[in-house]
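In what follows, a structure is listed as structure tokens, so that the remarks can point back to it.
Read-outs: derived from the displayed coordinates by stated rules, not from any lab. Since this is a predicted model, take the numbers as computed values, not measurements. No Cβ is skipped: glycine too gets one built from the backbone with ideal geometry, and neighbour counts run over all protein chains shown.
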């Protein structure tokens, strides 16, 4: 027998033993709850076969695997399932229940110092001594420390001089004028935007989940890359290009909305720009930028959007158009655009959920406890933080391994082995506590999956209503229909 075959056989045998060991408690859970589908959830979850977008479309392009419930643009796999903003309510409920159990365990009275807080405080002191301080506000300096942390928090060691060098580079740069925050907030609300296409560390708006910059050095502060090089499929982007980039922006918008993922790009362009997209509004003589100087050039607010985005992120046009007109008297909405939106029946579906919703942000907050394996969105409590606590070397080693346990396994009721060893040395008999914790994790994960199935079913019902029956598609067809006009997708 070849080595590869023996390795495959050993892997199958290990999976078989794992399922057999879990059979007893899982059968008890399913019988007591009276839900036989829990068996299917466990078996398919253990084999990584839950029908997520990634699993169903694994032989297709990545754009077909993007989550349809949130605007993150992430591939919907098993890891994304537990952090998807659309399932934040169920995720927070599970996290709260597990935290209540862990508070009664040994070591729960030990508090760890937040690595994030300590580093940001040091960076803020350095920023106030730099040459950049007179140019920006304290709020922006604080935002810079947060951006630098989010971009580098995965690194085991972040040198202090790294932030200092990044700040000094910023102080030597100059940036163009930007739109006022109240204008950006309005556009985000009306068009469900989540990516700022052309920005920089000193001017990017916090209402956007992500931002792009053509400067590679801006990645130190969280830029996802250049607008032209980034994959914007599944995202809703806003761009204000300069005159030299208009043609490239239009080409990027055209290729982006050809994706099967729900995508849109809202552009503020010179009014005389030649394009084939929808003009949302025409602006003339409006002080549109943050320097409040009167603008003599005429601008157009142009929307490039595909059919999937029209359905999954519907635009509340009646309210949105009113808000746009109230913002400035210099803004005029073309009659054709107004009629196109008003004559359509919008689907009874809210919008894809933003990563900046209150529940998701609440789960990202730093906790002072020594356990973090039940908080997939928060920062990992590592060995260096645990060393500060008054703990033995063996306890520190066990806790660091526990916190690295995969959350997807916990949601199947599979707890870290080190947790039993740790509790047994402190409590003696700990099987009752572990059984309770296993039960809470399993049914909490199962509830998250059931909610995901219900929401996904609603999405596919929208597509079934919007698409009339037609001949069977050829294998190389990517879009549901050959027509690219976004308004034809609605019913």
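If each residue of separation counts as 0.36 nm, what is the full-extension length gain between residue 425 and residue 394 once their alpha-carbon separation is subtracted? Mind dumping the intermediate values first?
Values: separation 31, 0.36 × 31 = 11.16 nm, distance 1.07 nm.
Length difference between fully extended and current span is 10.1 nm.
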Counting every Cα pair in the range 171-304, what percent are over 24 Å apart?
-> 25
Please determine, in degrees from 0 to 90 and to the nearest 10, the orientation of helix 160-171 with respect to the longest principal axis defined by the Cα atoms of the chain, where the helix direction is its Cα long axis.
-> 0
Extension gain residue 126-residue 60, at 0.36 nm per residue separation less the Cα-Cα distance, in nm?
-> 18.9 nm
Calculated from DSSP helices alone, with each H run of at least 4 adding -39500 (n - 2.57) and the total divided by the residues of the chain, [θ]222 nm to the nearest 500 comes to -14500 deg cm²/dmol
Between the range 325-356 and the range 200-227, the alpha-carbon center distance in angstrom = 27
Degrees separating the helix 181-191 axis from the principal Cα axis of the chain, which is the longest one = 80
What is the chain's relative contact order, in percent, from Cα pairs under 8 angstrom and six or more apart in sequence?
-> 17
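Counting other beta carbons within 10 Å of each residue's own, what order do 148, 228 fall into, fewest first? Mind dumping the intermediate values first?
Numbers: 148 23, 228 14.
Taking fewest neighbouring Cβ atoms as first place, the list is 228, 148.
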In nanometres, the difference between 0.36 nm per residue of separation and the alpha-carbon distance of residue 243 and residue 435 is 62.7 nm
Starting from the eigenvalues of the Cα gyration tensor, five times each then square-rooted, give me the equivalent ellipsoid semi-axes of the chain, largest first, whole Å.
-> 44, 32, 19
Alpha-carbon centroids, the range 94-172 and the range 384-418: separation in whole Å = 23
Pop a pseudo-label 7 angstrom from the Cα along the beta-carbon direction at both residue 113 and residue 258 and give the gap in nm to one decimal.
-> 5.5
Using only C-alpha positions, report the orientation-averaged shadow area of the convex hull of the range 65-136, nm², one decimal.
-> 8.6
Please report the relative contact order for the range 131-238, taking Cα pairs under 8 Å with a sequence separation of at least 6, and give it as a percent rounded to a whole number.
-> 26
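Could you check how many percent of all C-alpha pairs in the range 115-171 are farther apart than 17 Å?
Working: 424 of 1596 pairs.
Counting every Cα pair in the range 115-171, those more than 17 Å apart make up 27 percent.
First obtain the Kirkwood hydrodynamic radius of the range 339-410 from its Cα pairs, then insert it into the Stokes-Einstein equation at 4 °C and 1.567 mPa s, and state the resulting D in µm² per second as a whole number.
Diffusion coefficient, whole number: 84 µm²/s.
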Quick one: of the DSSP bridges fully inside the chain, what percent are antiparallel, nearest 5?
-> 65
Going by alpha carbons, how many degrees (0 to 90, nearest 10) lie between the helix axis of 115-129 and the longest principal axis of the chain?
-> 40
